Each structure stands twice: as structure tokens, then as C-alpha cells.
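Asks: One structure is given below, represented as C-alpha cells, and several questions about it will come after.
The values are calculated or read from the model by the stated rules, or taken from the named source; none is laboratory data. The structure presented is a predicted model; accordingly, all values stated were derived computationally and were not measured. With ideal geometry, Cβ positions are generated from the backbone for all residues, glycine too; neighbour counts draw on all protein chains shown. To get the accessible areas, we keep the full protein, side chains included, count just its heavy atoms, and leave off ligands, DNA and RNA. Shrake-Rupley method; radii C 1.70, N 1.55, O 1.52, S 1.80 Å.
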Amino acid sequence: MVRQRSIFSFFLVLLATFLISCGGPGVAIAPPTYTATQLERIQTYVPEIQAVRDRSDELRTLIKEGDWINVRNFIHGPITEVKLNLTYVTPNLLPKDQPTARQITRDFFKDLVKLDKATSASNPLVALNNSQAAFADIDKFLDLLPKKEEG
């Protein structure tokens, strides 16, 4: 009889341990938010990214005019700086947004390479299409960024 009580107690302890381990914390976990440092780092680069984004009409005009030297200067100057800025901002985004930001940055770089090739070939139609795609990528990236009032 003593042996049966020991086995019965053992199974009750196992059952209690299992049930307790299945229970989760009763406290809701807050969603991840940006720290003040992350927001500051992100906001350092946003004006530069936005300034180049706002110059999309300038690039479109240069392409339509066939001013390939200035188009290449624009690609290898301000637009390349944007790519670097996107790369600098990505690690400061929330972990859930970082893979998307990396993919957008890769797409942006691919569009720049295609734009550069179209410029080298003096092909305005392909250059216009790729410049539009590049600026669309910038817009997608800017949409991922936190707004100034978040924090």
C-alpha cells in the first residue's frame, strides 16, 4: 500500500509540473518600440534620403534631355549616398522591419545598376523606368521608418 502511494504521489508531481510548465506568463508583453538613440540615428539620415527623393524630377529631366554625363554624376553621387544611408539606417529599425529594409535596399541597388547600364547605353526609356523603380524603392523604405512622434 505504501508503494502505491509513492507511485501515485510521483505521478501527481509529474502532472502538476507539466501543467505549470504549460502555463504562460499572465502579463502581456509590450510590443518592441524604438529607443531615443535609434530614433536619433534614423532621423540623422532621413533628411538626406528625402532630399534626393525630392530631386527625382531633376533626374527624369536629365534623362529626357539625354544629358548622360550629368545622369551618371547624379547616379554616382547623390543616389549612391542614399544607398549608403539606407544601409546605415537598417540596423536601427525594429527587428521585424530589418529584413524588409534589407530587401528594399538590395532592390534599390539592382535598380541603380540597371539605370547605370541604361545610361551607358544611352537608352532613355530603360533609364526612365529604372529611375522610377529606384525612387519607388526609396518611398517603400521611407514608409518603414518611424514617424517623428513615435518613441
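Asks: Looking for something open to solvent by 30 Å² or more (accessible area, probe 1.4 Å) and under 21 Å from Arg60 (Cβ atoms) - is there at least one such residue anywhere in the stretch 84-97?
Replies: Taking every residue of the stretch 84-97 in turn, none turns out to be open to solvent by 30 Å² or more (accessible area, probe 1.4 Å) and under 21 Å from Arg60 (Cβ atoms).
Asks: Moving to a separate point now. Among the residues in the stretch 22-35, are any among the hydroxyl-bearing types (Ser, Thr, Tyr), surrounded by fewer than 10 Cβ atoms within 10 Å (Cβ to Cβ) and modelled with pLDDT of 65 or more?
Replies: no
Asks: Still on this structure, I have one more. Hey, among Phe141, Phe109, which residue is assigned to a helix (DSSP H, G or I) and touching a Ser or Thr at 6+ places or on another chain (Cβ under 9 Å)?
Replies: Phe141
Asks: Within the stretch 66-75, can you find the residues that are more than 22 Å from the chain's Cα centre (by Cα) and either of a type in the set (A, V, I, L, M, F, W, C) or part of a helix (DSSP H, G or I) (or both)?
Replies: Listed by number, the residues that qualify are Trp68, Ile69, Asn70, Val71, Arg72, Asn73, Phe74.
Asks: If I ask for residues that are of a type in the set (D, E, K, R) and surrounded by 21 or more Cβ atoms within 10 Å (Cβ to Cβ), which ones from the stretch 102-133 would you list?
Replies: Across the stretch 102-133, the qualifying residue is only Asp111.
Asks: Shifting gears a bit: When you go through Leu86, Leu128, Leu93 one by one, which is the residue that is in contact with a helix residue (DSSP H, G or I) (Cβ under 6 Å, 6 or more places away or on another chain) and either basic (Lys, Arg) or more than 29 Å from Tyr34 (Cα to Cα) (or both)?
Replies: Within the list Leu86, Leu128, Leu93, the selection yields Leu128.
Asks: Okay, moving on. Within the stretch 89-106, count every residue that is part of a helix (DSSP H, G or I) and either at pLDDT below 95 or under 9 Å from the mean Cα position of the chain (by Cα) (or both).
Replies: 12
Asks: Would you confirm whether any residue within the stretch 62-76 is within 12 Å of Ile138 (Cα to Cα) and surrounded by 17 or more Cβ atoms within 10 Å (Cβ to Cβ)?
Replies: Within the stretch 62-76 (the criterion being within 12 Å of Ile138 (Cα to Cα) and surrounded by 17 or more Cβ atoms within 10 Å (Cβ to Cβ)), the answer is no, since none of the residues qualifies.
Asks: Quick one: would you say Ala133 is farther than 29 Å from Thr35 by Cα and in contact with a helix residue (DSSP H, G or I) (Cβ under 7 Å, 6 or more places away or on another chain)?
Replies: Taking the combined requirement at face value, the residue satisfies it.
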